1. Identify, please: which residue in segment B:96-115 is open to solvent by 60 Å² or more (accessible area, probe 1.4 Å) and part of a helix (DSSP H, G or I) and is, among those, farthest from residue B:50 (Cα to Cα)?
2. Out of all the residues in segment B:79-95, which are within 8 Å of chain A (Cβ to nearest Cβ) and out of contact with any helix residue (DSSP H, G or I) (no Cβ under 6 Å at 6 or more places or on another chain)?
3. Looking at residue A:14 and the list (1) at pLDDT 60 or above; (2) on the phi > 0 side of the Ramachandran plot, which single condition is not satisfied?
4. Mind checking whether some residue in segment B:70-77 is facing chain A (nearest Cβ under 7 Å), without any contact (Cβ under 8 Å) to a residue 40 or more places away in the chain and surrounded by 18 or more Cβ atoms within 10 Å (Cβ to Cβ)?
5. Please state which one of A:72, A:87 is more than 7 Å from chain B (Cβ to nearest Cβ), modelled with pLDDT of 90 or more and either open to solvent by 30 Å² or more (accessible area, probe 1.4 Å) or over 21 Å from the mean Cα position of the chain (by Cα) (or both).
6. Can you tell me how many residues in segment B:25-38 are modelled with pLDDT of 90 or more, closer than 13 Å to residue B:100 by Cα and open to solvent by 10 Å² or more (accessible area, probe 1.4 Å)?
7. So if I check each of B:67, B:60, B:93, which one is of a type outside the set (Asp, Glu), open to solvent by less than 50 Å² (accessible area, probe 1.4 Å) and without any contact (Cβ under 8 Å) to a residue 24 or more places away in the chain?
8. Does residue A:93 qualify as being facing another protein chain (nearest Cβ under 10 Å) and at pLDDT below 90?
Amino acid sequence: MDENPATAPLPGDGPLDGDPGLQPERTALAWGRTVLTLVAASAMSLRWLPDQGPFVLAMFGLTVAAGTGIYATQRRRYRRSVEGIRAGHLTPDTAAVFWTAGACVVLGALGVWLVLN
Amino acid sequence: MSVPSTPPPPSGPDSRRSRFAEKLLPGGTEPDPRFTLANERTFLAWIRTSLALLAGGIAVEAFTTDVFPEPIRRGLAVLLLLLGMLLSAGSAVRWLRVEASLRSNRPLPLPLIGPLLAAGCAVAAAVVIAVVVLA
């Protein structure tokens with residue numbers, strides 16, 4: 001307890017992440033913000049619930065599922081980034097990028113369909 | 001300029017890469033992991049921008065019934081939604097191009113989605129201004 005707080009080790013398992021730029025944490029937070037924006041964007045469509053109930057619910061359910069998928073893999077993603085930085089070698093998460101972009105394109109297409117019908 | 005053939009990663013052919021990644025990002029070597037993560041965050045920032053446009057498009061149609069006449073409201077909503085879709089797809093393409101440049105140590109490509117976003121937002125703003133002024 002008499003250690004200098006500035007240099008004392010952080011609580012937990014120890015120096016899990018040797019990167020002073022906190023890249024894994026920032027990246028995980030960026031994914032988290034994206035999930036929130038995705039769900040908030042599709043939640044706007046709930047305004048049409050009285051007229052287009054099942055369609056709107058399906059659209060909202062789709063984004064909630066995509067968001068849940070991202071949230072469920074956050075811990076794995078963080079650990080992967082930490083280990084990648086440690087090893088100096090990180091394979092890009094191609095699938096996550098394309099699934100996310102795809103989900104946004106689908107959300108937009110469903111939105112256009114709603115507007116025009 | 002001849003690019004020297006890239007040496008295989010230290011552990012030999014990279015079995016950790018999926019076939020999908022191998023096909024999309026052939027050749028080169030894995031860049032500094034921090035660059036890969038930075039590229040991922042930049043992609044996510046673009047995705048959130050496109051989601052804001054999608055949310056805007058949905059909101060225009062859902063909440064402005066009393067503000068805009070119907071054709072303009074629909075046009076504006078569709079414009080914002082299409083822009084958001086283009087930007088979503090464009091951000092994935094940009095992520096891929098940046099990652100490919102990082103792998104082969106080339107300069108980063110210019111963001112084509114930047115001018116697209118600016119032009120689209122300008123058109124949407126012009127429509128709103130025109131409606132407000134002419135109303």
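1. Of the residues in segment B:96-115, the ones open to solvent by 60 Å² or more (accessible area, probe 1.4 Å) are B:97, B:105-108, B:110, B:112, B:115.
From what is left, the residues that are part of a helix (DSSP H, G or I) are B:97, B:115.
Details: B:97: 18, B:115: 14 Å.
Filtering segment B:96-115 for residues that are open to solvent by 60 Å² or more (accessible area, probe 1.4 Å) and part of a helix (DSSP H, G or I), the one farthest from residue B:50 (Cα to Cα) comes out as B:97.
2. Taking segment B:79-95 as the starting set, the residues that turn out to be within 8 Å of chain A (Cβ to nearest Cβ) are B:81-82, B:84-85, B:88-89, B:91-92, B:95.
Within segment B:79-95, just B:82 meets the criteria.
3. Status for residue A:14: all satisfied but (1).
4. yes
5. Values: A:87 fails: modelled with pLDDT of 90 or more.
Exactly one of A:72, A:87 is more than 7 Å from chain B (Cβ to nearest Cβ), modelled with pLDDT of 90 or more and either open to solvent by 30 Å² or more (accessible area, probe 1.4 Å) or over 21 Å from the mean Cα position of the chain (by Cα) (or both), namely A:72.
6. Here is the first cut: in segment B:25-38, the residues modelled with pLDDT of 90 or more are B:35-38.
The next check asks that each one be closer than 13 Å to residue B:100 by Cα; those that pass are B:35-36.
From the residues that got through so far, the ones that are open to solvent by 10 Å² or more (accessible area, probe 1.4 Å) too are B:35.
Residues meeting the conditions: 1.
7. On the way: B:67 fails: open to solvent by less than 50 Å² (accessible area, probe 1.4 Å); B:93 fails: open to solvent by less than 50 Å² (accessible area, probe 1.4 Å).
After applying the criteria, what remains is B:60.
8. Values: facing another protein chain (nearest Cβ under 10 Å): yes; at pLDDT below 90: yes.
Here the answer is yes, as residue A:93 does meet what is asked.
The values are calculated or read from the model by the stated rules, or taken from the named source; none is laboratory data. As the structure is a prediction and not an experimental result, all values here were calculated from the model. Cβ sites come from the backbone with ideal geometry, for glycine too, and all protein chains shown count toward neighbours. Keep in mind that these areas ignore ligands, DNA and RNA; they rest on the heavy atoms of the full protein, side chains included. Shrake-Rupley method; radii C 1.70, N 1.55, O 1.52, S 1.80 Å.
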